[in-house]
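Read through the structure below, which is laid out as structure tokens, and then see the notes.
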Ligand code: ATP
Ligand code: MG
């Protein structure tokens, strides 16, 4: 490809809308452009990367016997009424009407469409198991589209759905899918972790894993063991717990000592946050007990948690067995006469749930339940109590692995894939069954499996972009070789560039030649943005058939630089470091 004909409008500066390196780089290199908030166009270079990711996904899906389909984005809302999700899905669902005022949605996901398709076209258990997939555009009216293609409102997803008549078959497909995902992400050159995730309270029957690309700007926190292979997302992560103290037990010696002074009320005007109160009292956050109010299925609930810990609402919702859970709205706490910011675990006329850690504190600072006052030296279990003790917090620094007891580590991640044993949630609701061996109707058992295809472009870029330079992994780079004649007016240089292009394309490599009549500085700047793994600079030594080479690959992230290379030497380099990774 001749660069003079390529539409790749590079930018010297990143537009203000871009906050993170990958987004800046994708814009600056002319790979993507924003059309509306969360809606992007892929230009030729970006499209090539996207297509290569799709190809790898297709190969691995086909390899495990999944069959490719293409399902409509325009979905009659009746299907969503059948599954009961038209209300549940909320404002993320993009709704529209046709000219006859029939309601439709733009598909954010395809459980409904695929379940109705399979229901109408698969009759016997003999036709199962079957796994269908597609790579298509999804629409979600995200509350906060951000970070470019990482969270769009229109994006490309690979979604697959499995149907089986036994749970064993679901397990087999689930395992095969997980292995395929690991191969896909490895081939893409992505640093990732597979983590246990939470199915939520309405999420179907079961097991679910997420695939996280490691990146500091990731919205998710990954909790993993420094010793064994335990890894979970923060919502799901457990931690090793010392047995909790039985509050009916006699106070231990430490408490007896604290008991010598009764709890003391202190005036703390305007100090509502943990930070303000710890600074004022010269204590640590872990000395404080926070009282938080929730509404679970309409019922007020108080949660006691240590000041340095965070409530895990998923764990809390599970413990409560609630369908809905939200922080108590301010109006409601006002109506109940509860002083927000100074809440304390005293005289609360509602169920009080204490996190384990609170029950192990020997003394604490709490809100006094009265505007502008806190209590110090308040003893958990004595000065205040609770109705139930549960694990309702996120794992935190210093916690140990629930599986082996070694220290837990924390890292940020971008969710790039998700596999989920759905069970019969949709097939039940939509009446999708087959006839079993006895000729009896049996509801099909489902799994669903997603990959954020366009998000992956951003996730890989986030891992490989550095100081405005990019080094795409060989397997998905827009081109493999970038040949740059220093002066396009120099006939000798152009001739050698052409020879090299011909020879290297015979090896199956894709080549971009910068034939533009630009200054070398401009060419090199653009090359830095394009991030093509092998760069060949044809300059002064062209007459001797020699060039300068720069190669960056996953195995050589520091780069191989070779001056004065012959074509034969380049061929060797390519055979060793590029071709095996394509
Ligand atoms: P998230 O928690 O990031 O919103 P999700 O749980 O809503 O993701 P799924 O419904 O499981 O995502 O969708 C499957 C995959 O699609 C995700 O793993 C992710 O990689 C991708 N994805 C989801 N939402 C978006 C989006 N708004 N933009 C780009 N990719 C997305
Ligand atoms: Mg989402």
If each of residue 469 and residue 498 carries a label point 7 Å out from its Cα toward its Cβ, how far apart are those two points in nm?
3.2
Theoretical ellipticity at 222 nm over the chain - DSSP helices of four or more residues, -39500 (n - 2.57) apiece, nearest 500
-8000 deg cm²/dmol
Part-to-part distance (alpha-carbon centres) for segment 384-414 and segment 152-219, which is given in Å
24
Can you give the extra length, in nm with one decimal, that the chain gains between residue 36 and residue 283 once fully stretched, where that is 0.36 nm per residue apart less the Cα-Cα distance?
84.1 nm
Simple spin-label estimate for residue 95 and residue 579 in nanometres, 7 Å along Cα-Cβ:
5.8
Cα pair distances in the chain, grouped into 10 Å bins until the bin that holds the longest one, percent each:
3, 14, 20, 20, 18, 13, 8, 3, 1, 0
Fully extended, how many nm does the chain gain between residue 51 and residue 17 (0.36 nm per residue separation, minus their Cα-Cα distance)?
9.7 nm
So for each of 53-61, 561-569, 138-146 I average, over its residues, the number of other beta carbons within 10 Å; can you give me the resulting order with the highest mean first?
53-61, 138-146, 561-569
Suppose a student asked you for the relative contact order of the chain, using Cα pairs under 8 Å spaced at least 6 residues apart; what percent would you report?
17
Under a plain spin-label model, where a point goes 7 Å from the Cα along Cα-to-Cβ, how far apart in nm are residue 144 and residue 5?
4.5
FRET efficiency for residue 216 and residue 437, using Cβ-Cβ distance with R0 set to 60 Å, rounded to 0.05:
0.65
Fewest first, what order do 347, 436 take by the number of other Cβ atoms within 10 Å?
347, 436
The residues 502, 172, sorted from fewest to most surrounding Cβ atoms within 10 Å, come out as 502, 172
Could you list 310, 168, 82 in order of exposure, starting from the residue whose Cβ has the fewest other Cβ atoms within 10 Å?
168, 310, 82
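Only the coordinates and a few stated rules stand behind these numbers; no lab work does. Bear in mind that the values here come from a model prediction, so they are computed numbers and not experimental data. Because the Cβ atoms are built from the backbone with ideal geometry, glycine has one as well, and the counts that use them run over all protein chains shown.
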